[in-house]
Amino acid sequence: MVQLSIVCTRGNAVRWYPVSGFLGMSEVQVTGIVRTRLEDDGRHLAGTCIDAAVRCYAERTGPGRNTIILAEYTATLWQKPPGRASEPIGDKDLPFTITVPKSCSAASTMNFQSYRVFWRVEATCHHLPMMGLGTRQLKSYELALVRYDSRRLPSAIATTPFQTTTTRGKKRQISVEHQIQLPNTPVGPLDIIPVTVRLRPFGDDGARVAALSLSVLRRLVFHDSPSTEDLFQRTRSENAHANSLFADHDDITPSGSDVTLLASASPANAPAPAPVTASSKSSVLVLATTEATSIGIDESDYHTKTLHVSLPPPKSLNHWALGETHSCALASISFHIAIKVSTVPT
């Protein structure tokens, strides 16, 4: 029989196959040699073609395991002569260079407990059907590709319009008119994220803002097989998600009220997340938090405060990922700013 292998021409592929270039900033080149060697029995393989490929996969792990291809770049290195069913394959060295273009929109390598995105360089030897071996041999190595592009966001999504959120307890009700200003540039690990909040509480008894608490949330939503209605709803504008605000009706105390405001921090030019249906599963993780107690009042009687929060530093690709804004048929990842407003009666 024939043994198939991939030989890297520079560096080593003990953990990750070496590449050159930066995903999203330049072309990424993957080079190497696809090698076939006869084994001790000396039997040739009736092959049809040999190809090399770089592919990006998204995989949902666990009971509902499923895998899809997000990006694929393939090169045919050898194929049988025309008019013949196969050609014997013996010892061959087939060099290859596969280029991932700068315009590639696939996500970075990232691992979560139940979902992951990964890149691979693969060599495939296709042959005639054989008992116990099927029709192909496959050899692969994983690639550690991380996006480095920094696309500027439209300033239109940086500030949400004034909206009102109302929360009701057993004894009192509080309404908050608010406006949240988000960064208009992409942010990443270790970046300082400034968030400006303008709000004015009002109600039957009046209230004043005592404290603000800001959290950066990551939301991972799994998508089941979409229906026709779901596919139609996916075409809605991302701005509807970016400007959405929700009230938390559980955080009520006898001496004051807590209102939670939620604004999306996802880029407007990122794929819109699929709607959450009854069959969807999601998880939310708090990435960073900060608090403020001294809240100033401007000339328009609005409580105004700029809070700063920093995302945690990135870990190696062997750890659970921080993640990035991402959406595909299996899952979507989005980031949100949640602000908890604590008020007391005036």
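Inside region 107-141, residues that are within 30 Å of L322 (Cα to Cα), buried (at least 18 other Cβ atoms within 10 Å of the Cβ), among the small types (G, A, S) and modelled with pLDDT of 95 or more make up a count of 0. Sub-6 Å Cβ pairs linking a first residue in region 73-86 that is in the same structural domain as G47 (by TED's automatic domain parsing) to a second residue that is among the aromatic types (F, W, Y), at least 6 apart or interchain, are A75/F96; L77/F96, ordered by first then second residue.
The set of residues from region 1-32 being buried (at least 16 other Cβ atoms within 10 Å of the Cβ), under 24 Å from I69 (Cβ atoms) and hydrophobic (A, V, I, L, M, F, W, C) comprises L4, I6, C8, W16, V19, L23, V28, V30.
Taking the conditions exactly as written (at pLDDT 90 or above, under 15 Å from A338 (Cβ atoms) and assigned to a strand (DSSP E or B)), does T290 satisfy them or not? Even if it seems obvious, please write down each step before you answer.
Details: at pLDDT 90 or above: yes; under 15 Å from A338 (Cβ atoms): yes; assigned to a strand (DSSP E or B): yes.
So T290 passes the test.
Being at pLDDT 95 or above, surrounded by 14 or more Cβ atoms within 10 Å (Cβ to Cβ) and within 19 Å of the chain's Cα centre (by Cα) is a description that does not apply to R60.
The values are calculated or read from the model by the stated rules, or taken from the named source; none is laboratory data. In this text, all values refer to a predicted model and were calculated from it rather than measured experimentally. Here Cβ is always computed from backbone atoms with ideal geometry, including for glycine, and neighbour counts include all displayed protein chains.
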